[in-house]
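Heads up, the thing below is written out as structure tokens.
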Amino acid sequence: MNRASLLQSESKNPQLQLIFKSCYARVLDFRRKFIEAAQRYNELSYSTLITEEEQIKALLNAMVCTILASAGQQRGRMLATLFKDERCRNCPAFKVL
């Protein structure tokens, strides 16, 4: 991912950049870096290049990662951000937030 990030910044293809961001979010998630993954998933949920269904899935992933993150200031900010997001109100995990 580190090597790809160096090349990704040079790319002008928005579709390729979106694929990189998605993969990077998943890698952070798998490495248990939940707050960073939640931030990346949240960024993806605002992308207009993906379908609405994929945006909702990214938002759900952001919610799950935020809930799994260790307590701290960043987690509190991310929880507040997601709690204020109107799209989260329809998600089944909203009550946990």
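The values are calculated or read from the model by the stated rules, or taken from the named source; none is laboratory data. Remember, predicted model here, so these are calculated numbers, not experimental data. Neighbour counts run over all protein chains shown; Cβ positions are idealised from the backbone, glycine included. Side chains are part of the model used for accessible areas, which takes the heavy atoms of the whole protein and leaves out ligands, DNA and RNA. Shrake-Rupley method; radii C 1.70, N 1.55, O 1.52, S 1.80 Å.
For this structure, a couple of remarks:
- Gaussian network model of the chain, Cα within-10 Å springs - most flexible of Q39, Q15, Q55: Q15
- Two-site FRET efficiency, K84 against R3, from Cβ-Cβ distance with R₀ of 35 Å, rounded to 0.05: 0.45
- Rounded to the nearest Hz, the phi-derived 3J(HN,Hα) couplings of the stretch 33-44 under the Karplus curve 6.51 cos²θ - 1.76 cosθ + 1.60 (θ = phi - 60°) are 9, 5, 5, 5, 5, 4, 5, 5, 4, 5, 4, 4, where x marks glycine and proline.
- Distance from the Cα centroid of the stretch 46-66 to that of the stretch 9-44 is 11 Å (rounded to whole angstrom).
- Phi angles of the stretch 6-17 translate, via the Karplus equation with coefficients 6.51, -1.76, 1.60 and θ = phi - 60°, into HN-Hα couplings of 5, 7, 5, 5, 7, 6, 9, 7, x, 5, 5, 5 Hz per residue; Gly and Pro are given as x.
- Kirkwood Rh (inverse of mean 1/r, distinct Cα pairs), the stretch 26-97, angstrom: 11.9 Å
- Karplus-based coupling profile of the stretch 21-31, in residue order and whole Hz: 4, 5, 5, 5, 4, 5, 5, 4, 5, 5, 7, with θ = phi - 60° in 6.51 cos²θ - 1.76 cosθ + 1.60 and x standing for Gly or Pro.
- Our summary gives the chain a relative contact order of 21 percent, counting only alpha carbon pairs under 8 angstrom and 6 or more residues apart.
- Accessible area, probe 1.4 Å, largest first, for residues K57, K12: K12, K57
- Computed on protein heavy atoms with a 1.4 Å probe, the accessible areas place V96, V64, V27 in the order V96, V64, V27, largest first.
- Within a straight-line Cα-Cα reach of under 25 Å, K12 can be paired with the following lysines, leaving aside sequence neighbours fewer than 8 residues apart in one chain: K21.
- Seen from all directions on average, the stretch 13-59 presents a Cα convex hull projection of 2.8 nm².
- Taking every protein chain into account, the accessible area of the stretch 12-97 amounts to 66 square angstrom per residue (probe 1.4 Å).
- Counted residue by residue at 0.36 nm each, then reduced by the alpha carbon distance between them, the extension gain from L68 to V27 reaches 13.2 nm.
- On the chain, 54 percent of the accessible area sits on carbon and sulfur atoms, based on a 1.4 Å probe.
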